[in-house]
Amino acid sequence: MIFNREKALKQEMINTGRKLYQQHLVAASAGNLSARLDKNHILITKTGSSLGNLTSRGILKVDFCDPADIKSKPLSTEFPLHSLIYKNFPAQSVIHCHPPLTNGYFCVYPELKNFTFESKLYLGDIPVVTQGTPSISRPELVIEALRTSNLAVIKNHGVVCMAEDFRKALNLIETLEEAVKIAGLARLFDKNILDDLDKPLKEDLTREADAYPMFSKEHIQAIVDLVNRDSFIAQKGLEQELTLKLAIKLDGEASVYKFNFEKGKIVKLEFDAEAPFVISAPGAVWEMIFLGKLDPFVATTQGKMKLKGDLGKLSRWYVPFSRLFELFRQVKIK
C-alpha cells in the first residue's frame, strides 16, 4: 500500500514539475517539490533536478526527523524549509518555484494590489519575506509568513506554497502570477495606478480604545455596535439585501455567536450555531483575524478556517462582509 502511494505521489510530482516548466514558472534546475508520505517521511526533488524533465530517479525519500538519513541524501538546499513546513503544518504538498512576473513585481512593489475579486478572495494580502542569500537561509521567517497565508513570496527569489495537494498549490501560484500580470497591464492604461498602493477604507487606529478578551461577549457586542453604526455596511446591506444568519465559533470552546442580519443591520445577537453559515477556527487563527493579519475569505479558501455553508452564496455579499471583517480589527483585543 505504501509502495503504491509512493509511486502515485512521484508521478504527481513529475506531472507538476512539467506543468511548472511549461508555464514558465521555473527555468533550468530552479525550484523544488515535496510531498508528505507518512508521519516522518517526505518525497523531495534532489539537488540539481530539472523540474521540466523530472523522473522518479530525481525524487528522494527521506526521514526528515532522522539526521543520519538527511546527511546521507543529496538534498536540495531548500530541504530545511520543506521539513519545517511539514513539522509545523498539516500540509501534504509543497511547491517552491520562481515565477518571473511575480519576482519582478515584488522587486519593485512591497505588496500585491488586487484588482479582481478572484485574487482578493483566494490570495488576499500575500506575505513577503526578505532573505539575504540566494537560497532560503532563514526558513523560520517563511514559516511565520505561512501562518497567515498558504502562499508566501521570498523577495528577489521566488514563492513557496503549501496545500493538501499539488493541484491546489499550483492553482494559488497561477492565481498570483495572473494577478501580477493584471496589475502590470493596469499600469499600461494608467501609469499612476501602482504609485500609491492603497488600503481600502483606512481607519485611524491610533486613538485610544477599550480592549476586550477575545471572543468574550463584550468583544462581540462591541463589534455589533460598530457594524450597526457603519454607513457603508448600511448602504450595501440595503442595496444587496443582506439578510441572513451567520455564526462564528471558536474551536474547542463553547463560544458561539450568531449574527442575525436584516438589510445590513445586526438586529439580534444569539449564542448558538443554528445558522446556514457557520465559520469556525482555532484561537490562533481568530487572533490573526481580529488583529487584521488574515482575511477571513482567504483563510476559508485556503483551509485555515472552516465554513459550514456554501461559500459561493456567502460571496454574494463579499463587499459588505469585507467591510465587516475590517471592522473586526477596530475593536482591540487583550
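The values are calculated or read from the model by the stated rules, or taken from the named source; none is laboratory data. Fair warning: this is a prediction, and the values are worked out from it, not measured in the lab. Here Cβ is always computed from backbone atoms with ideal geometry, including for glycine, and neighbour counts include all displayed protein chains.
Residues in segment 93-146 that are among the aromatic types (F, W, Y) and farther than 26 Å from P80 by Cβ were compared, and the one that is nearest to the chain's Cα centre (by Cα) is Y122. Scanning segment 147-188 for residues that are over 12 Å from the mean Cα position of the chain (by Cα), in a loop (DSSP other than H, G, I, E, B) and not charged (D, E, K, R) returns N156, H157.
Within the option set F290, F321, F271, F277, being without any contact (Cβ under 8 Å) to a residue 24 or more places away in the chain and either hydrophobic (A, V, I, L, M, F, W, C) or in the same structural domain as L244 (by TED's automatic domain parsing) (or both) holds for one residue only, F271. Against the conditions (1) touching a helix residue (DSSP H, G or I) at 6+ places or on another chain (Cβ under 7 Å); (2) over 26 Å from S119 (Cα atoms); (3) free of Cβ contacts under 8 Å to residues at least 24 places away in the same chain, V285 satisfies every one except (2). If the requirement is being within 20 Å of D251 (Cβ to Cβ) and of a type outside the set (A, V, I, L, M, F, W, C), which of these qualifies: G303, G312, G292? Sole residue among the options that is within 20 Å of D251 (Cβ to Cβ) and of a type outside the set (A, V, I, L, M, F, W, C): G303.
Note on segment 1-87: no enclosed strands (runs of 3 or more DSSP E) hold 2 or more residues that are in contact (Cβ under 8 Å) with a residue 40 or more places away in the chain and surrounded by fewer than 21 Cβ atoms within 10 Å (Cβ to Cβ). Can you tell me which residue is farthest from M305 (Cα to Cα) among those in segment 152-165 that are in contact (Cβ under 8 Å) with a residue 60 or more places away in the chain and buried (at least 21 other Cβ atoms within 10 Å of the Cβ)? Among those that are in contact (Cβ under 8 Å) with a residue 60 or more places away in the chain and buried (at least 21 other Cβ atoms within 10 Å of the Cβ), it is G158. Once segment 118-137 is narrowed to residues that are of a type in the set (V, I, T), part of a loop (DSSP other than H, G, I, E, B) and surrounded by fewer than 19 Cβ atoms within 10 Å (Cβ to Cβ), the residue that is modelled with the lowest pLDDT is T133. In segment 258-269, the residue that is surrounded by the most Cβ atoms within 10 Å (Cβ to Cβ) out of those that are among the charged types (D, E, K, R) and over 10 Å from K245 (Cα atoms) is K265. Scanning segment 275-334 for residues that are assigned to a helix (DSSP H, G or I), among the charged types (D, E, K, R) and under 24 Å from F232 (Cα atoms) yields a count of 4. Inspect segment 102-117 for any residue being more than 27 Å from H24 (Cα to Cα) and among the charged types (D, E, K, R) and give the result as yes or no. No, that holds for no residue. Among the residues of segment 88-117, the one identified as small (G, A, S) and assigned to a helix (DSSP H, G or I) is G104.
Summed over segment 303-313, the residues that are in contact with a helix residue (DSSP H, G or I) (Cβ under 8 Å, 6 or more places away or on another chain) and farther than 19 Å from V256 by Cα give a count of 1.
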